[in-house]
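Nothing in this text is a laboratory measurement; each read-out follows from the coordinates by a stated rule. Computed from a prediction, not measured in an experiment: that's the story for all the values here. Ideal geometry is used to build each Cβ from the backbone, glycine not excepted, and the neighbour counts take in all protein chains shown.
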Amino acid sequence: MSTQRISYVPLERMDERMQEEMHRCATEGTPRPESSAVRAHAPNAFWAFADSWKNVFHNGVCEHAIKELCRVYISRTVKCEFCGNQRSVKAATAGLYEQQYDELLNFESSSSYDDRQKAALAYAEAIAWRLDTDDAFWQRLHGHFSEAELVELGCFIALTFGQQSWIRLLGIDHHQYLAGTDTSLAPGFRTPEELAATKAREDYWAAR
């Protein structure tokens, strides 16, 4: 059991606009409210993240489902359980299915991804693991993405890699703030009881 290292800012201490964003997190998810309640200690950081997340994750020129795969790939890479146990509702609506999350760390050999998705995940892998790249790597990316898409995708991967590397340290978990909704939680994490049971299983992804 991890210990929470930075407290949640109570909702009543937030201004009206920030409270609206917190309720959006609770009802729409990605992010869920706990991480936002930590960032609320520094409103400039709160809004810098919220605005960037909206602009480069939920919106933008590259399709959201590909960014969602990259987000959860990063979760599995840095072992951020809080982020890794969330799912984007928007990506599910676009056709992303749960098995595609299960095989992320072995994406190159998986049949669950198309060539464009694999290229994006290779980009995330190279950023996260600081891999050396060559002309073939960049030819692969340019074969699937415009330069605008590559810039947006690279900025998004960098944003979520930095945030998740930090959030992993905080000891926060779901169902701790504005509890009572399960929007954007992965199967097996939608109630406190489910969450505890899933984390106790030997095949829980973060225990492997």
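Side notes on the structure shown:
- Residue in the range 161-178 that is in contact with a strand residue (DSSP E or B) (Cβ under 7 Å, 6 or more places away or on another chain) and closer than 30 Å to ARG5 by Cβ present: yes
- PHE57 being buried (at least 19 other Cβ atoms within 10 Å of the Cβ), closer than 26 Å to ARG130 by Cβ, touching a residue at least 40 places away in the same chain (Cβ under 8 Å) and hydrophobic (A, V, I, L, M, F, W, C): yes
- Residue within the range 80-89 that is among the small types (Gly, Ala, Ser), surrounded by fewer than 18 Cβ atoms within 10 Å (Cβ to Cβ) and either free of Cβ contacts under 8 Å to residues at least 12 places away in the same chain or not in a loop (DSSP other than H, G, I, E, B) (or both) present: no
- Of all the numbered requirements in (1) farther than 26 Å from GLU28 by Cβ; (2) surrounded by 15 or more Cβ atoms within 10 Å (Cβ to Cβ); (3) of a type in the set (A, V, I, L, M, F, W, C), ILE167 misses one, and that requirement is (1).
- Within the range 26-54, being surrounded by fewer than 14 Cβ atoms within 10 Å (Cβ to Cβ) and within 13 Å of SER88 (Cα to Cα) holds for THR27, LYS54.
- When residues in the range 90-120 are screened for being surrounded by 16 or more Cβ atoms within 10 Å (Cβ to Cβ), hydroxyl-bearing (Ser, Thr, Tyr) and either closer than 23 Å to GLN139 by Cβ or without any contact (Cβ under 8 Å) to a residue 40 or more places away in the chain (or both), 3 of them pass.
Residues checked against (1) in contact with a helix residue (DSSP H, G or I) (Cβ under 8 Å, 6 or more places away or on another chain); (2) surrounded by 13 or more Cβ atoms within 10 Å (Cβ to Cβ):
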residue: ALA128; (1), (2): yes, yes
residue: GLU147; (1), (2): no, no
residue: LEU150; (1), (2): yes, yes
residue: GLY154; (1), (2): yes, yes
residue: THR191; (1), (2): no, yes
residue: THR198; (1), (2): no, yes
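- Residue in the range 3-15 that is touching a Phe, Trp or Tyr at 6+ places or on another chain (Cβ under 6 Å) and without any contact (Cβ under 8 Å) to a residue 24 or more places away in the chain present: no
- In this structure, LEU185 qualifies as touching a residue at least 40 places away in the same chain (Cβ under 8 Å) and either within 13 Å of CYS80 (Cβ to Cβ) or in contact with a His (Cβ under 9 Å, 6 or more places away or on another chain) (or both).
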